[in-house]
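S.K.: Have a look at this one before I ask anything.
The values are calculated or read from the model by the stated rules, or taken from the named source; none is laboratory data. Computed from a prediction, not measured in an experiment: that's the story for all the values here. When we count neighbours, we look across all protein chains shown, and the Cβ atoms used for this are built from the backbone with ideal geometry, even at glycine. Just so you know, the surface numbers come from the protein's heavy atoms only, side chains and all, with ligands and any DNA or RNA stripped out. Shrake-Rupley method; radii C 1.70, N 1.55, O 1.52, S 1.80 Å.
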Amino acid sequence: MFYREAGDFSTSYPEDSQTFPIKFDRYRYYVVLAFAFLVVPFIINDYWANAVFVPFLIYAIAAIGLNILIGYCGQVSLGTGAFMAVGAYAVYKLMTAFPEVSMLIHVPLAGLITAGVVTIFGLPSLRIKGFYLAVATLAAQFFLVWLFNKVPWFYNYSASGQISSPERDVFGIIVTGPNAEAWASYMICLIFVTLAAVIARNLTRGSLGRKWMAIRDMDIAAEIIGVNPMMAKLTAFAVSGFFIGVAGALFFSVYLGAAEVGESFGIEKSFLVLFMVIIGGLGSIFGSFAGAAFMVLLPVFLKNVFVGYLGWPTDLAAHLQFIVSGGLIIVFLILEPHGLAQLWRLAKEKLRLWPFPH
């Protein structure tokens with residue numbers, strides 16, 4: 001009975017409406033944050049940063065952004081990879097044009113630029129929805145990749161067509177480039193993902209989030225009760241684009257260091273983030289983290305098992321990773337279509353009653 005609500009009373013409206021009304025939940029998240037900020041930076045190494053922590057944090061930001069659009073507002077998007085590319089190229093142009101400005105300013109600015117681009121491509125949502133909107137965003141995926149490849153200005157007229165992240169520091173600590181240490185890359189991603197989660201959680205619980213969910217559930221009824229469909233949909237696209245742009249900026253500048261748009265931000269990136277949202281759970285901030293962890297950790301686990309433990313060839317292991325990952329995704333969606341977030345909610349309900357059956 002360590003997880004219970006008995007004796008947990010609220011004496012004011014702010015206490016009753018807080019994100020984690022149960023003390024155990026609050027303490028648990030405080031412990032997780034303290035461990036992430038105060039312990040992990042001192043024990044992390046290059047392998048854990050590059051293989052697990054940094055991609056997990058970046059993909060979690062992208063999943064939060066896509067979940068706002070699909071899970072909370074009900075608007076389908078298949079252009080996440082291209083929108084991440086917008087954030088990557090935006091931060092690259094900002095870093096090269098204004099080298100004296102901090103990365104803490106460049107990354108949010110890249111997110112704002114991406115928000116504007118995504119809002120433009122979200123205009124068709126005012127007239128179409130469902131499968132047709134998915135096709136429209138899929139067209140944005142191919143158009144933006146073509147644009148970044150064909151216009152040399154975006155990659156500063158480089159002969160290779162690639163963009164490379166210059167070395168930049170935050171308060172004297174190098175966070176981008178080949179000389180950046182693992183803990184520094186991890187910390188800047190952790191700061192941004194923490195802020196993104198807090199902002200997204202407050203937006204979805206406020207009046208704007210209620211408008212998104214009204215549009216998601218039934219747009220005609222939402223319009224009848226006074227919700228402006230145009231503003232609700234476009235704000236969802238804008239907020240989603242901001243988070244996805246921040247993720248793309250960090251993915252290029254902190255994680256990859258160098259990128260080519262077709263290889264790094266192709267359509268497979270869009271489906272990867274979409275799988276994270278579906279597996280984690282639509283309409284759940286926690287589900288975005290859970291889905292990102294699942295899709296990042298599963299390939300690492302399978303590679304260690306197939307290559308490190310069983311000693312199989314790397315090419316065979318790579319093909320088996322796709323087979324096992326795809327099979328698990330299909331089985332998981334059949335058994336629990338509401339995602340890992342629903343499993344977590346069920347587990348908490350069981351813990352509230354344990355050890356009593358009713």
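S.K.: Starting from the Cα of residue 132, step 7 Å along the direction of its Cβ; do the same at residue 98; then give the gap between the two resulting points in nm.
M.R.: Distance between the two pseudo-spin positions: 4.0 nm.
S.K.: Over 21 Å between C-alpha atoms is what I'm after, so list which of 23/348; 93/233; 303/348; 129/211; 129/233 land there.
M.R.: Table pairs above 21 Å Cα-Cα are 93/233; 303/348.
S.K.: How do the peptides 63-70, 89-96, 143-150, 211-218 rank, highest first, by the average count of neighbouring beta carbon atoms within 10 Å per residue?
M.R.: 63-70, 89-96, 211-218, 143-150
S.K.: Based on DSSP H assignment, which helices of the chain show an axial Cα extent of at least 24 Å together with a mean Kyte-Doolittle hydropathy greater than or equal to 1.6?
M.R.: Flagged H segments are 103-121, 285-303, 314-335.
S.K.: Next question. Rounded to the nearest 500, what is the chain's calculated 222 nm mean residue ellipticity when only DSSP H runs of at least 4 contribute -39500 (n - 2.57) each, over all residues?
M.R.: When only DSSP H runs of four or more count, the value is -21000 deg cm²/dmol.
S.K.: Starting from the Cα-Cα distance between residue 319 and residue 263, subtract it from 0.36 nm times their residue separation and give me the gain in nm to one decimal.
M.R.: This chain segment gains 18.3 nm when fully extended.
S.K.: Using Cα-Cα distances under 8 Å and only pairs 6 or more residues apart, what relative contact order does the range 182-255 have, in percent?
M.R.: Relative contact order of the range 182-255: 29 percent.
S.K.: Let me ask something else about it. May I ask you to derive the relative contact order of the chain, considering only C-alpha pairs under 8 Å and at least 6 residues apart, and to give it as an integer percent?
M.R.: RCO, the chain: 29 percent.
S.K.: Can you tally the net charge around residue 250? Count Lys and Arg as +1, Asp and Glu as -1, for every other residue whose Cβ sits under 15 Å from the Cβ of residue 250.
M.R.: Computed value for this residue: +2.
S.K.: Please compute the length gained on full extension between residue 143 and residue 199, using 0.36 nm multiplied by the number of residues separating them and subtracting their Cα-Cα distance.
M.R.: So the extension gain works out to 17.1 nm.
S.K.: While we're on this one: Please report the net charge: other residues with Cβ closer than 11 Å to the Cβ of residue 80, K and R +1, D and E -1.
M.R.: Its environment carries a net charge of 0.
S.K.: What is the distance, in nm, between label points placed 7 Å from the Cα along the Cα-to-Cβ direction at residue 335 and at residue 159?
M.R.: Computed distance between label sites residue 335 and residue 159 equals 5.4 nm.
S.K.: By average Cβ neighbour count within 10 Å, what is the ranking of 289-295, 267-273, 319-325 from highest down?
M.R.: 289-295, 267-273, 319-325
S.K.: Considering only protein heavy atoms, what per residue accessible area in square angstrom results for the chain with a 1.4 angstrom probe?
M.R.: Spelled out: the 1.4 Å probe surface of the chain, per residue, equals 51 Å².
S.K.: Across the range 165-179, in residue order, what do the Karplus-derived ³J(HN,Hα) couplings come to in whole Hz, using 6.51 cos²θ - 1.76 cosθ + 1.60 with θ = phi - 60° and x for Gly and Pro?
M.R.: 6, x, 6, 9, 10, 10, 6, x, 9, 5, 10, 10, x, x, 8
S.K.: Per-residue counts of other Cβ atoms within 10 Å, averaged by peptide: what ranking do you get for 121-127, 109-115, highest first?
M.R.: So the order, starting with the most tightly packed, is 109-115, 121-127.
S.K.: Rounded to the nearest percent, how much of the accessible area of the chain (1.4 Å probe, protein heavy atoms only) is carbon and sulfur?
M.R.: 70
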